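Colleague: Before I ask anything, here is the structure I am working with.
Nothing in this text is a laboratory measurement; each read-out follows from the coordinates by a stated rule. Every value quoted in this text rests on a predicted model; they were computed, and no experiment measured them. No Cβ is skipped: glycine too gets one built from the backbone with ideal geometry, and neighbour counts run over all protein chains shown.
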Amino acid sequence: MRYTPDQDLYDLLLLADPSIEIVNSYINNNQIYTAIYNTKTLGVFVLFPVNKKVIEIKNIAVRSAYQNMGLGKHLLKKATAVARDKGFERLRIATGNSSIGQLALYQKEGFELIGTTQNFFTDNYPEPIFENGIQCKHLLLLEKEL
Ligand code: ACO
Ligand code: ACO
């Protein structure tokens, strides 16, 4: 079922993924988990089954003013618990070659690099993406055993 988040939630989802078309392609009501404090949505993650064994965190984001306080780590632990409870064997997450902090965080949370897709971001996103002074070109795929 197609799900349309409110603007506040969209803003958060677009922090992690700058393409609204791509965000729309993987969201539905059942797969969006939010962290709410005093009625304000501070964080979000989206879980998307890849096959019977693997489920993927398609999007994870924390509102800018609340980043680097441990909430992202908490969301990854929650996503791991949800995926395990649903009976999946592996949890997947993808990021870009320029996402230094995200790569550090995911590996600290037990994800291991399993592959790369060359030029994924230059081939699939209309605008160039830069982070940490680095162009985001290639996709890095990480997985964690559950
Ligand atoms: N080098 C080394 N470690 C780093 C670096 C760096 N440059 N940057 C961050 N880290 C580490 C921190 O030290 C910290 O680890 P520690 O607690 O062991 O010190 C960890 O990364 C950050 O942990 P949190 O505070 O829990 O993370 P945060 O609440 O900021 O959430 C998130 C992380 C979700 C990536 C957030 O920064 C965010 O929303 N960013 C913008 C959106 C985004 O990029 N989302 C991911 C896109 S990929 C996808 O969605 C599948
Ligand atoms: N997140 C984001 N950016 C980072 C991070 C981080 N966690 N850590 C460093 N950087 C960036 C800095 O911001 C800086 O970029 P900027 O100038 O655009 O801000 C850059 O990395 C560091 O640049 P320098 O100061 O020129 O690097 P330095 O003089 O420290 O030399 C080196 C780098 C050679 C890796 C040095 O730190 C070193 O000797 N380390 C120990 C030995 C080592 O690891 N060598 C490489 C092993 S692999 C090999 O030898 C092939």
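Colleague: Which value, in Å to one decimal place, does the Kirkwood hydrodynamic radius take for the chain when every pair of different Cα atoms is included?
Modeller: For the chain, the Kirkwood estimate is 15.7 Å.
Colleague: For the range 53-109, what Kirkwood radius comes out of the mean inverse Cα-Cα distance, in Å?
Modeller: 12.2 Å
Colleague: Only residues of the range 44-85 count here: report those whose backbone N is under 19 Å from the spot 7 Å along Cα→Cβ of Asn28, or say none.
Modeller: 45-59, 83
Colleague: Nearest 5 percent is fine: what portion of the DSSP beta bridges confined to the chain is antiparallel?
Modeller: Just about 85 percent of them are antiparallel.
Colleague: Among Ala61, Ala79, Ala35, which one moves the most in a GNM of the chain with springs linking Cα atoms closer than 10 Å?
Modeller: Most flexible of the set in this elastic network: Ala35.
Colleague: So, one more: Can you list which of the trypsin sites (Lys or Arg not before Pro) found in the range 1-98 are DSSP loop residues with at most 13 other C-beta atoms within 10 Å?
Modeller: For trypsin sites (Lys or Arg not before Pro) across the range 1-98 that sit outside H, G, I, E and B with at most 13 neighbouring Cβ atoms in 10 Å, the list reads Arg2, Lys52, Lys53, Lys86.
Colleague: Near the amide H of Ile129, under 5 Å away, which other amide H atoms are found, from residues 5 or more places off or on another chain, if H is placed in the peptide plane?
Modeller: So Ile129 has HN proximity to Cys136.
Colleague: Once you charge only the Cβ atoms, +1 for Lys and Arg and -1 for Asp and Glu, what is the size of the charge dipole of the chain about its Cα centre, to the nearest 20 debye?
Modeller: Using Cβ point charges on Lys, Arg, Asp and Glu, the chain gives about 520 debye.
Colleague: Considering the chain as a Gaussian network with a 10 Å cut-off on Cα pairs, which listed residue, Tyr125, Tyr106, Tyr37, attains the greatest mean-square fluctuation?
Modeller: Tyr37
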